[in-house]
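Remarks on the structure that follows.
The values are calculated or read from the model by the stated rules, or taken from the named source; none is laboratory data. In this text, all values refer to a predicted model and were calculated from it rather than measured experimentally. Heads up, the Cβs are rebuilt from the backbone with ideal geometry, glycines too, and the neighbour counts pull from every protein chain shown.
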Amino acid sequence: MNLHEYQGKEILNSFGVKIQRGIVVNNYKKAVAAAKQLTAETGTGWHVIKAQVHAGGRGKGGGVKLAKSLTEVETFSKEIIGMMLVTPQTSKEGKKVNQVLICEDVYYPGEFEHEEFYMSVLLNRATGRNMIMYSTEGGMDIETVAEETPHLIFTEEIDPAIGILAFQTRKIAFNLGLSGNAFKEMTKFVSALYTAYIKSDASMFEINPVLKTSDAKIIAVDAKVSIDANALYRHKDYMAMRDFREENPIEVEASAVGLNYVDLDGNVGCMVNGAGLAMATMDLIKQSGGEPANFLDVGGTADAERVEAGFRIILKDAAVKAILVNIFGGIVRCDRVAQGIVDAYTNMGDAIKVPIIVRLQGTNAKEAKELIEKSGLDVISVTEFQEAADKVKEVLV
């Protein structure tokens, strides 16, 4: 589950990570009031207006502005709230901005130069260890840094059974070229950041930039956070942070009825049981000359109700030209799945206007094929992968 910047900062702050303070608002009047409040609390004279959407590169799309007066706070807030923000990480249509974060200005003059760093915490799946990735090139796209100056990206792997050790936090601060109070602040920052990552059950924390201020403080100016959805039962307060407006509405609908659905860009809808079979089915579709329109796993209870819900969700995509149902009957019997398909097809009537290819293999597969063929419905029944591939190719011609 992805979070907004202000939500990620709330989590960081709760674990002792120093952050750029801000107040989230949804209209320009509240933005001005928030700016006044921040000035009273922090003494900041300028304010940063940040669009709150689940996408990076907001500044490039005009979603981040520096306001040097309350008049500019009002003007920029009016411009950003309600806009369709297009960034390198959104579709060409962009994402609607429903709220902005009014932040204190942390680039104030002082004894030292400001420095920006990149830092993220995530799992290295190749080694099974957590990893802190960091760079002196903060404020830039990490992909660009990796491509153009890979020697400026460092990694520190952490044994999850032991946790981060003091020498590792010092090593990170040293590689970032810090000394004195900034060095000490960075070691505290890294330790608290790793604690936040572990205890919040996050799949990723990305801070870009981490700022060394002009008075040698280390703070998180941004926060891109993803929480492991499988761990949300342990974090009821995080679950309340989910913003459905930022998610694909079809995926939200599928989730509500217990289906695992991911929207893709192809022309062949697929309905399967099991993630591994889903991946194999998408490969089959591509080899047949089509493109998968979705990933849809109905799980181990592919009854009529779930099958019907799956069909309705797949058919919301106007690009779908055919549907491939590929079910392996292990725990669930194929004849029961077949009856579910027949019942769902009958209930939906004229709503199904594309060819449906059904491959049922496993327990009672023969009976299932006979049941579908005798139903009289316009459903193509097959038993082998190659047959399914041939039929997909045939209906797409």
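Looking at the range 7-23 only, could you name the residues that are outside any loop (DSSP other than H, G, I, E, B) and either polar (S, T, N, Q) or closer than 16 Å to Arg245 by Cα (or both)? Break it down stepwise before answering.
So the first thing to find is which residues in the range 7-23 are outside any loop (DSSP other than H, G, I, E, B), and the list is 7-14, 19, 22-23.
Answer for the range 7-23, where residues must be outside any loop (DSSP other than H, G, I, E, B) and either polar (S, T, N, Q) or closer than 16 Å to Arg245 by Cα (or both): Gln7, Asn13, Ser14.
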Specify the residue that is nearest to Tyr194 (Cα to Cα); the eligible residues are those in the range 1-38 that are surrounded by 16 or more Cβ atoms within 10 Å (Cβ to Cβ) and of a type in the set (Ser, Thr, Tyr). Tyr6
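So, of the residues in the range 68-111 that are outside any strand (DSSP E or B) and basic (Lys, Arg), which turns out to be farthest from the chain's Cα centre (by Cα)? Even if it seems obvious, please write down each step before you answer.
Taking the range 68-111 as the starting set, the residues that turn out to be outside any strand (DSSP E or B) are 68-83, 86-94, 97-99, 105-111.
Checking the rest, the ones that are also basic (Lys, Arg) come to 68, 78, 92.
Values: Lys68: 33, Lys78: 27, Lys92: 18 Å.
Of everything passing the filter in the range 68-111, Lys68 is farthest from the chain's Cα centre (by Cα).
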Filtered residues of the range 307-323 (kept if surrounded by fewer than 16 Cβ atoms within 10 Å (Cβ to Cβ) and more than 19 Å from Gly289 (Cα to Cα)): Lys316
Can you tell which of Ser77, Ser91, Ser120, Ser135 is of a type in the set (Ser, Thr, Tyr) and without any contact (Cβ under 8 Å) to a residue 12 or more places away in the chain? Ser91
Which of the strands (runs of 3 or more DSSP E) found entirely inside the range 304-397 contain at least 1 residues meeting this: among the charged types (D, E, K, R)? 356-362
With respect to Leu296, is the statement that it is in contact with a helix residue (DSSP H, G or I) (Cβ under 8 Å, 6 or more places away or on another chain) and over 23 Å from Gly376 (Cα atoms) true? yes
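Please find, within the range 381-397, the residue that is surrounded by the fewest Cβ atoms within 10 Å (Cβ to Cβ) out of those that are over 17 Å from Arg336 (Cα atoms) and touching a Lys or Arg at 6+ places or on another chain (Cβ under 8 Å). Write out each step before concluding.
Of the residues in the range 381-397, the ones over 17 Å from Arg336 (Cα atoms) are 384-397.
So of that shortlist, the ones also touching a Lys or Arg at 6+ places or on another chain (Cβ under 8 Å) come out as 384-385, 387-388, 395-396.
On the way: Glu384: 10, Phe385: 16, Glu387: 14, Ala388: 23, Val395: 19, Leu396: 16.
So, considering only residues that are over 17 Å from Arg336 (Cα atoms) and touching a Lys or Arg at 6+ places or on another chain (Cβ under 8 Å), the one surrounded by the fewest Cβ atoms within 10 Å (Cβ to Cβ) is Glu384.
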Across the range 151-172, what is the total count of residues that are out of contact with any helix residue (DSSP H, G or I) (no Cβ under 8 Å at 6 or more places or on another chain) and closer than 12 Å to Met133 by Cβ? 2
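Could you name every one of the helices (runs of 4 or more DSSP H) located completely within the range 179-296 that has at least 3 residues being under 18 Å from the mean Cα position of the chain (by Cα) and surrounded by fewer than 21 Cβ atoms within 10 Å (Cβ to Cβ)?
249-256
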List pairs: first residue in the range 16-39 and closer than 28 Å to Glu116 by Cβ and at pLDDT 95 or above, second residue of a type in the set (Asp, Glu) and surrounded by fewer than 16 Cβ atoms within 10 Å (Cβ to Cβ) anywhere in the structure, Cβ distance under 9 angstrom, at least six positions apart or on different chains. Arg21/Glu41
Residues satisfying the stated conditions in the range 121-174, i.e. surrounded by fewer than 14 Cβ atoms within 10 Å (Cβ to Cβ), assigned to a helix (DSSP H, G or I) and not aromatic (Phe, Trp, Tyr): Glu143, Thr144, Glu147, Glu148, Pro150, His151, Ala166
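Could you say whether any residue in the range 68-77 is of a type in the set (Ser, Thr, Tyr), in the same structural domain as Thr44 (by TED's automatic domain parsing) and surrounded by 17 or more Cβ atoms within 10 Å (Cβ to Cβ)? Spell out how you get there, then give the answer.
Quick first cut of the range 68-77, residues of a type in the set (Ser, Thr, Tyr) only: 69, 71, 75, 77.
When the remaining residues are screened for being in the same structural domain as Thr44 (by TED's automatic domain parsing), the result is 69, 71, 75, 77.
Next, from what is left, pick out any that are surrounded by 17 or more Cβ atoms within 10 Å (Cβ to Cβ): 77.
Within the range 68-77 (the criterion being of a type in the set (Ser, Thr, Tyr), in the same structural domain as Thr44 (by TED's automatic domain parsing) and surrounded by 17 or more Cβ atoms within 10 Å (Cβ to Cβ)), the answer is yes, since at least one residue qualifies.
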Per-region count, the range 80-104, residues charged (D, E, K, R) and surrounded by 17 or more Cβ atoms within 10 Å (Cβ to Cβ): 2
Within the range 202-230, count every residue that is under 25 Å from Pro160 (Cβ atoms) and not β-branched (Val, Ile, Thr). 13
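Report yes if Ile356 is in contact (Cβ under 8 Å) with a residue 60 or more places away in the chain, surrounded by 15 or more Cβ atoms within 10 Å (Cβ to Cβ) and in contact with an Asp or Glu (Cβ under 8 Å, 6 or more places away or on another chain), otherwise no.
No; evaluated as a whole, the condition is false for this residue.
For Asn347, are the conditions met, namely being in contact with a Leu (Cβ under 6 Å, 6 or more places away or on another chain) and either modelled with pLDDT of 80 or more or within 21 Å of Val252 (Cα to Cα) (or both)? Spell out how you get there, then give the answer.
Working: in contact with a Leu (Cβ under 6 Å, 6 or more places away or on another chain): no; either modelled with pLDDT of 80 or more or within 21 Å of Val252 (Cα to Cα) (or both): yes.
Criteria not met by Asn347.
Just to check your reading of the model, which residue among Gln339, Gln361 is among the polar types (S, T, N, Q) and touching a Gly at 6+ places or on another chain (Cβ under 9 Å)?
Working: Gln339 fails: touching a Gly at 6+ places or on another chain (Cβ under 9 Å).
Answer to the selection: Gln361.
Within the range 24-67, how many residues are charged (D, E, K, R) and assigned to a loop (DSSP other than H, G, I, E, B)? Spell out the reasoning first.
Initial filter on the range 24-67 (charged (D, E, K, R)): 29-30, 36, 41, 50, 58, 60, 65.
Applying the additional criterion that residues be assigned to a loop (DSSP other than H, G, I, E, B) yields 58.
Summing the residues that are charged (D, E, K, R) and assigned to a loop (DSSP other than H, G, I, E, B) in the range 24-67 gives 1.
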Those residues of the range 231-246 that are under 16 Å from Lys95 (Cβ atoms) and free of Cβ contacts under 8 Å to residues at least 40 places away in the same chain come to a total of 1
